[in-house]
């Protein structure tokens, strides 16, 4: 019988807040109930914002709320060659292309299109124009050689053509099969020139390499799972089971942010709040 494997995967780029506490402890609770393992992964590919000092404080905060995990901790920053190999595979499959448009360039391209209702992704950002998909290799290399910044974007239409049938993921708490809609995201970023990965790429590769069977994370990542299902298909990866849990919201009904001090675990701890009071506050 396969032992369930869970993971909590925060980014050490600021103080954890009540939403992180809920997600971490919910992972721990479900893993315990299913007699599973629980891993900790640090999603620290952004080396400018993710610092050793912030990592130290984050690990201390997790221990304080009673979260425990198996060693060793996986740090994404230590595995860039793994992500580069995955990116190279997508390049060889001709499913990604170098995209050079800046944010202002995207706006200009949309304005030139004369399309009033330009499609947007689930986060509200305009979809990337397709104008660079068919650039010749000579033109691409000329731009790269000239030092023009670029990102590797997935050719979404071409990637979806490889599926042959609709992609599905399973929500194991609600027992629902969800049809993935990666097309809603358009040509998403898979990697950048100065960093051979992105959140989408690294999370899919890491979940596979770590043998993750159950992914428990917030509803804010629900729609992103469509992109992950597509990447899992492209790499021949068996998808884990998912549970997208409720979010801990502020008094205005907005998602919590690491920039807010009043809901950070560090601030609440300094005010004398106990672990049990944290659990009571988040409903666990």
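By its C-alpha gyration tensor, with a ≥ b ≥ c as the square roots of the eigenvalues, how is segment 181-227 shaped: rounded for a/c under 1.5, else prolate for a/b larger than b/c, else oblate? Don't skip to the answer; put the middle values down first.
Working: a/c = 2.20, a/b = 1.12, b/c = 1.96.
Since a/c reaches 1.5 but b/c is at least a/b, the shape of segment 181-227 is classed as oblate.
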- Query: Could you give the distance between the Cα centres of segment 139-181 and segment 1-43, to the whole Å?
  - Reply: 26 Å
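Sort segment 60-142 into rounded, prolate or oblate with this rule: let a ≥ b ≥ c be the square roots of the eigenvalues of the Cα gyration tensor; rounded if a/c is under 1.5, and if a/c is not under 1.5, prolate when a/b is larger than b/c, oblate otherwise. Don't skip to the answer; put the middle values down first.
Working: a/c = 3.66, a/b = 1.66, b/c = 2.21.
Note, shape of segment 60-142 comes out oblate.
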- By per-residue mean of other Cβ atoms within 10 Å, what is the highest-first order of 134-142, 209-217, 165-173? 209-217, 165-173, 134-142
- Message: With a cut-off of 8 Å between alpha carbons and a minimum separation of six or more residues, what is the relative contact order of segment 21-168 in percent?
- Response: 23 percent
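Relative contact order of the chain, please, whole-number percent, based on alpha carbon pairs below 8 angstrom and at least 6 residues apart. Could the numbers behind the result be given before it?
Numbers: 401 pairs, mean separation 69.5, N = 284.
Reported relative contact order: 24 percent.
Give the peptides 48-54, 197-203 in descending order of average Cβ contacts within 10 Å, highest first.
Values: 48-54: 12.6, 197-203: 22.6.
Highest mean packing first, the order is 197-203, 48-54.
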- Message: Viscosity 1.306 mPa s, temperature 10 °C: give me the Stokes-Einstein translational D for the chain in µm²/s, with Rh taken as the Kirkwood radius over C-alpha pairs.
- Response: 77 µm²/s
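For segment 136-284, rounded, prolate or oblate, judged on the Cα gyration tensor with a ≥ b ≥ c (square roots of eigenvalues), a/c < 1.5 rounded, else prolate if a/b > b/c? Don't skip to the answer; put the middle values down first.
Working: a/c = 2.64, a/b = 1.54, b/c = 1.72.
Taking the square roots of the gyration eigenvalues as a ≥ b ≥ c, segment 136-284 is oblate.
Can you compute the helix-only [θ] at 222 nm over the chain? Use -39500 (n - 2.57) per DSSP H run of at least 4 residues, normalise by all residues, nearest 500 deg cm²/dmol. Don't skip to the end; give the middle numbers.
Details: 10 runs with 105 residues, N = 284.
Per the formula, -11000 deg cm²/dmol.
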- Item | Along each principal axis, Cα extent of segment 29-184, largest first, Å | 54, 40, 33
- Task: Mind telling me which of 21, 159, 85 comes out most flexible in a GNM of the chain, alpha-carbon contacts under 10 Å?
- Result: 85
- Crossing angle, helix 199-209 versus the chain [Cα axis fit, 0-90 degrees, rounded to tens]: 60 degrees
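How high is the relative contact order of segment 81-220, in percent, counting Cα pairs under 8 Å that sit 6 or more residues apart?
Working: 131 pairs, mean separation 41.2, N = 140.
Computed value for segment 81-220: 29 percent relative contact order.
Only the coordinates and a few stated rules stand behind these numbers; no lab work does. On a predicted model such as this, the values are computed, not experimentally measured, just so you know. Reconstructed Cβ throughout: ideal geometry from the backbone, glycine too, with neighbour counts over all protein chains shown.
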